[in-house]
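Inspection log for the structure reproduced underneath, given as structure tokens.
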Amino acid sequence: MRALLDVPNEELQSWLKARGQPPMRVRQLRRWLLLGRAESFEQMTDLPRELRQLLMEEYLPLGIQIARHLVAGDETHKLLLRLQDGQLVECVLIQEAGRHTACISTQVGCGMGCLFCASGLNGVARNLTAGEILEQLIRLRNLLPVDGRLTHIVVMGMGEPLANLDNLLQALEVAGSKDGLGIGARHITISTVGLPAKIRRLAELGKQYQLAVSLHAPNDVVRMHIVPTTEKTGLQAILAAADYFFERTGRQVTYEYVLLRSINDSVAHAKELAGLLTGRQAHVNLIPFNDVEGLPYARPTDHDLQAFVNELRRGGISVKVRKRKGSEIDAACGQLRRSSLKEEAQALAVGTGRL
Ligand code: SF4
């Protein structure tokens with residue numbers, strides 16, 4: 001059965017028309033899901049009872065199941081979601097300083113293969129539909145008190161957002177509209193490992209989305225080791241596309257840099273990074289690596305982290321170290337999905353006598 005969020009308005013309208021219903025029912029249904037927090041047709045009390053019955057026979061109001069819901073001491077919520085085809089994705093609600101930020105996924109797995117990332121360990125299975133992307137926002141918003149609303153979106157979960165740009169933009173359009181979740185483009189950050197053609201397309205949309213480019217290295221040699229796609233797309237092409245984004249939108253670009261001990265965290269790396277970004281409208285977000293089971297990387301020492309920050313500041317670069325949120329609930333992207341897949345595989349092996 002299809003989830004209502006994945007049914008285009010025109011299709012829904014003709015389905016309703018064939019059942020003698022006026023076109024305004026489309027808006028009514030969307031309002032229930034987006035604003036009214038309905039998770040079943042039964043809750044849509046201003047729809048005729050017979051229509052609710054017909055809808056129940058044909059569609060699902062929401063199509064995703066919450067497989068696990070973890071809450072950390074700092075009120076970070078993490079949802080492991082089971083899609084209709086059984087695939088798992090993650091999304092996170094981060095709460096601090098009056099902000100309620102949804103971090104969402106755009107693909108099942110990821111094809112970019114960054115070495116430090118749990119999401120990319122098994123490659124990409126498929127793109128999420130626009131409805132599946134939107135539903136993550138609805139599920140996270142529904143965790144807030146009735147008068148609470150999401151204030152920000154970061155598209156930094158599982159997957160490369162620009163590799164699924166059409167579906168993402170469709171979902172963000174609804175998220176941004178007044179009849180939707182009312183989250184302005186300036187409060188939405190799209191993160192990418194760096195697909196120049198797609199960055200340019202994003203720049204030309206005439207929207208005020210924030211762009212975050214995952215750099216992770218100050219040169220192609222180090223980056224090649226960490227982000228395999230560097231072989232096809234060197235840093236210069238990515239930076240040129242990011243500059244174009246700034247020219248077209250006037251929005252400062254954020255550069256994300258995961259610090260891995262002894263790999264990209266030396267003062268020399270910081271100096272080189274400062275050189276790369278000098279003269280650009282850039283802000284650097286440093287992310288000390290979150291330990292991931294099965295990966296042979298470590299966080300930098302506090303001393304090395306501070307030295308890295310100092311060197312960037314000496315080079316005149318605006319820099320911030322990202323705080324660790326929800327670390328006790330496998331909050332690094334892809335970790336919860338990975339541990340759940342492992343548990344399921346073990347349970348299956350026990351069931352079939354293979355353990
Ligand atoms: S860090 Fe992002 S782009 Fe890289 S593998 Fe993980 S999800 Fe994909």
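The values are calculated or read from the model by the stated rules, or taken from the named source; none is laboratory data. Bear in mind the structure is a predicted one, so any value in this text is a computation, not a measurement. Cβ atoms come from the backbone with ideal geometry, glycine included; neighbour counts cover every protein chain shown.
Within the group 144, 79, which residue is touching a helix residue (DSSP H, G or I) at 6+ places or on another chain (Cβ under 9 Å) and either assigned by TED's automatic domain parsing to the domain that holds residue 231 or aliphatic (A, V, I, L, M) (or both)?
Values: 144 fails: touching a helix residue (DSSP H, G or I) at 6+ places or on another chain (Cβ under 9 Å).
Result of the check over 144, 79: 79.
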Considering residues of region 188-237 that are more than 13 Å from the ligand (Cβ to nearest atom) and touching a residue at least 60 places away in the same chain (Cβ under 8 Å) only, the residue surrounded by the most Cβ atoms within 10 Å (Cβ to Cβ):
189
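I'd like to verify a number: residues in region 285-314 that are part of a loop (DSSP other than H, G, I, E, B) and either within 24 Å of the chain's Cα centre (by Cα) or touching a residue at least 24 places away in the same chain (Cβ under 8 Å) (or both), how many?
Start the filter on region 285-314 by keeping residues that are part of a loop (DSSP other than H, G, I, E, B), which leaves 289-301.
If we keep only those that are either within 24 Å of the chain's Cα centre (by Cα) or touching a residue at least 24 places away in the same chain (Cβ under 8 Å) (or both) as well, we get 289-295, 297-301.
Number of matching residues: 12.
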What number of residues in region 243-282 are within 16 Å of the ligand (Cβ to nearest atom) and not acidic (Asp, Glu)?
8
Counted residues in region 74-98 being surrounded by 21 or more Cβ atoms within 10 Å (Cβ to Cβ) and among the charged types (D, E, K, R) come to 2
Test for residue 245: is it touching a Leu at 6+ places or on another chain (Cβ under 6 Å) and surrounded by fewer than 21 Cβ atoms within 10 Å (Cβ to Cβ)
no
Could you tell me which numbered condition residue 111 fails, if it satisfies all but one of (1) touching a strand residue (DSSP E or B) at 6+ places or on another chain (Cβ under 7 Å); (2) small (Gly, Ala, Ser); (3) more than 16 Å from the ligand (Cβ to nearest atom)?
(3)
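Which residue, of 182, 157, is within 17 Å of residue 91 (Cα to Cα) and of a type in the set (Gly, Ala, Ser)? Don't jump to the end; show me each part of the working.
Working: 182 fails: within 17 Å of residue 91 (Cα to Cα).
Testing whether each residue is within 17 Å of residue 91 (Cα to Cα) and of a type in the set (Gly, Ala, Ser) leaves just 157.
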Among the residues of region 114-131, write down those that are within 16 Å of the ligand (Cβ to nearest atom), touching a residue at least 24 places away in the same chain (Cβ under 8 Å) and either touching a Phe, Trp or Tyr at 6+ places or on another chain (Cβ under 9 Å) or closer than 23 Å to residue 197 by Cβ (or both).
114, 115, 116, 117, 119, 120, 124, 126, 127, 128
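Mind counting the residues in region 267-283 that are crowded, with 19+ Cβ neighbours inside 10 Å and among the polar types (S, T, N, Q)? Spell out how you get there, then give the answer.
Of region 267-283, the ones crowded, with 19+ Cβ neighbours inside 10 Å are 269-270, 273-274, 276-277, 282.
Among the residues that remain, those that are also among the polar types (S, T, N, Q) are: none.
Number satisfying all stated conditions: 0.
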Number of the condition not met by residue 50 [criteria: (1) within 16 Å of the ligand (Cβ to nearest atom); (2) not small (Gly, Ala, Ser); (3) not assigned by TED's automatic domain parsing to the domain that holds residue 215]:
(1)
Quick check: anything in region 132-152 at pLDDT below 95, within 16 Å of the ligand (Cβ to nearest atom) and either crowded, with 21+ Cβ neighbours inside 10 Å or part of a helix (DSSP H, G or I) (or both)?
no
Pull up region 91-108, narrow it to residues that are within 15 Å of the ligand (Cβ to nearest atom) and polar (S, T, N, Q), then point me to the one that is nearest to residue 290 (Cα to Cα).
105
Working only within region 151-172, note down all residues that are under 19 Å from residue 66 (Cα atoms) and among the aliphatic types (A, V, I, L, M).
158
